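Working notes, structure below.
The values are calculated or read from the model by the stated rules, or taken from the named source; none is laboratory data. These numbers come from a predicted model, not from an experiment. Glycine also receives a Cβ, built like all others from the backbone with ideal geometry; neighbour counts cover every protein chain displayed.
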């Protein structure tokens with residue numbers, strides 16, 4: 001494993017005047033990240049000890065599509081894909097505080113809510129069908145709609161977003177089509193991570209991707225093609241450091257909100273080979289999702305890469321540690337649901353790898369995480385775990 005990088009400052013000697021003008025739109029509100037140490041960080045094995053757990057449940061939630069937290073207050077917001085409701089919980093007790101949104105007419109309705117972000121006293125929701133972000137006050141009042149700046153891409157329902165002061169970070173999808181490709185159900189293009197401040201937009205990173213067009217007519221409704229490399233990212237609000245992955249190998253790149261690259265984390269790990277069972281499971285899943293929109297897409301003809309992407313998800317915890325979920329096979333046939341997780345702190349000379357029952361959808365603190373679970377009727381709920389991450393002795 002290798003890690004390399006350099007410290008980035010937003011204003012540098014010899015910067016062009018144009019860069020200075022751009023910088024006026026991008027105030028730096030976090031401290032500059034320290035450069036990663038040189039050399040090869042050491043892999044250390046760890047184990048998670050669960051100290052306590054509790055369930056966050058509401059009978060108004062059936063299919064949780066997004067979760068957001070405010071660690072400083074313990075507030076948890078969970079978005080239900082079926083009803084469009086956002087349930088607010090007191091995360092440290094599990095009690096319900098109230099509801100926002102819902103599928104209704106008028107201001108504040110959520111037609112296709114897909115992602116959440118909590119900031120101060122507001123809840124920001126991505127409505128991908130209406131191509132806008134909808135802001136609510138914690139008390140439930142609809143505050144305003146925030147439209148993404150028009151450009152070559154559309155808001156990606158499957159991508160994250162975050163607001164850092166006046167800067168809005170979000171994912172968008174750019175479809176690259178030409179003539180005879182327009183009628184094909186598989187569309188190839190790219191995913192972009194962009195930073196938006198007022199009417200100015202800057203592309204921080206992009207990655208090639210592919211999606212299945214399941215729209216009967218009108219604008220395309222796209223779902224990610226199976227196991228294709230795509231752009232996944234997260235930002236640590238305190239430092240405004242962005243971590244993203246866009247390749248098959250286990251590679252994480254670090255950026256500032258101004259688009260400067262701060263370093264690269266490389267692990268010599270590949271995603272596991274795509275098996276016949278993987279293909280069958282993906283086709284089953286896509287058939288359920290696509291059949292309600294299109295009946296003329298032959299899913300049996302989907303193409304698959306030889307390997308899965310090595311990174312399936314990444315997320316910062318409140319302390320700044322980066323959690324990575326890999327596609328490593330289970331430890332043993334007896335524990336098929338165990339996930340291999342890697343935890344790394346930017347700039348440190350080692351990383352920790354361990355197995356756990358789930359990958360966190362959000363954090364209440366550096367020692368308390370949230371996971372999404374299902375009951376026997378496939379109704380989803382959240383479970384909070386208070387834990388210790390302990391290093392194992394060789």
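Restricting the range 86-116 to residues that are at pLDDT 90 or above and within 16 Å of residue 142 (Cβ to Cβ), which is nearest to the chain's Cα centre (by Cα)? Let's see the steps before the verdict.
Keep residues of the range 86-116 that are at pLDDT 90 or above, which gives 86-99, 115-116.
Right, trim to within 16 Å of residue 142 (Cβ to Cβ) and you get 86, 88, 98-99, 116.
On the way: 86: 18, 88: 20, 98: 25, 99: 23, 116: 10 Å.
Residue satisfying both the conditions and the ranking: 116.
Does any residue of the range 138-152 turn out to be surrounded by 20 or more Cβ atoms within 10 Å (Cβ to Cβ) and assigned to a strand (DSSP E or B)?
Taking every residue of the range 138-152 in turn, none turns out to be surrounded by 20 or more Cβ atoms within 10 Å (Cβ to Cβ) and assigned to a strand (DSSP E or B).
For the range 153-177, what are the residues that are modelled with pLDDT of 85 or more, under 15 Å from residue 125 (Cβ atoms) and not in a strand (DSSP E or B)?
Passing the criteria: only 160.
Is it the case that residue 361 is under 21 Å from residue 264 (Cβ atoms) and either surrounded by 13 or more Cβ atoms within 10 Å (Cβ to Cβ) or at pLDDT 90 or above (or both)? Steps first, please.
On the way: under 21 Å from residue 264 (Cβ atoms): no; either surrounded by 13 or more Cβ atoms within 10 Å (Cβ to Cβ) or at pLDDT 90 or above (or both): yes.
It is false that residue 361 is under 21 Å from residue 264 (Cβ atoms) and either surrounded by 13 or more Cβ atoms within 10 Å (Cβ to Cβ) or at pLDDT 90 or above (or both).
Each row is one residue, and each column tells you yes or no for (1) in contact with a strand residue (DSSP E or B) (Cβ under 7 Å, 6 or more places away or on another chain); (2) surrounded by fewer than 16 Cβ atoms within 10 Å (Cβ to Cβ); (3) at pLDDT 95 or above.
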position: 43; (1), (2), (3): yes, yes, no
position: 51; (1), (2), (3): yes, yes, yes
position: 69; (1), (2), (3): yes, no, yes
position: 73; (1), (2), (3): no, yes, no
position: 78; (1), (2), (3): yes, no, yes
position: 84; (1), (2), (3): yes, no, no
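Quick check: anything in the range 362-374 over 21 Å from residue 253 (Cα atoms), outside any loop (DSSP other than H, G, I, E, B) and out of contact with any strand residue (DSSP E or B) (no Cβ under 8 Å at 6 or more places or on another chain)?
yes
Going through the range 248-285 one residue at a time, which ones are assigned to a loop (DSSP other than H, G, I, E, B), under 16 Å from residue 307 (Cβ atoms) and in contact with a strand residue (DSSP E or B) (Cβ under 8 Å, 6 or more places away or on another chain)?
Our first condition is that a residue be assigned to a loop (DSSP other than H, G, I, E, B); within the range 248-285, this holds for 248-249, 257-260, 268-272, 274-275.
Then keep just the ones that are under 16 Å from residue 307 (Cβ atoms); that gives 248-249, 268-272, 274-275.
Of everything in the range 248-285, those that are assigned to a loop (DSSP other than H, G, I, E, B), under 16 Å from residue 307 (Cβ atoms) and in contact with a strand residue (DSSP E or B) (Cβ under 8 Å, 6 or more places away or on another chain) turn out to be 248, 249, 268, 269, 270, 271, 272, 274.
Applying the selection to the range 300-338, what residues are modelled with pLDDT under 90 and buried (at least 19 other Cβ atoms within 10 Å of the Cβ)?
Scanning the range 300-338 gives 308, 309, 310, 311, 326, 327, 328.
Does residue 349 satisfy the condition of being modelled with pLDDT under 95, under 17 Å from residue 250 (Cα atoms) and either surrounded by fewer than 21 Cβ atoms within 10 Å (Cβ to Cβ) or under 15 Å from the mean Cα position of the chain (by Cα) (or both)?
It is false that residue 349 is modelled with pLDDT under 95, under 17 Å from residue 250 (Cα atoms) and either surrounded by fewer than 21 Cβ atoms within 10 Å (Cβ to Cβ) or under 15 Å from the mean Cα position of the chain (by Cα) (or both).
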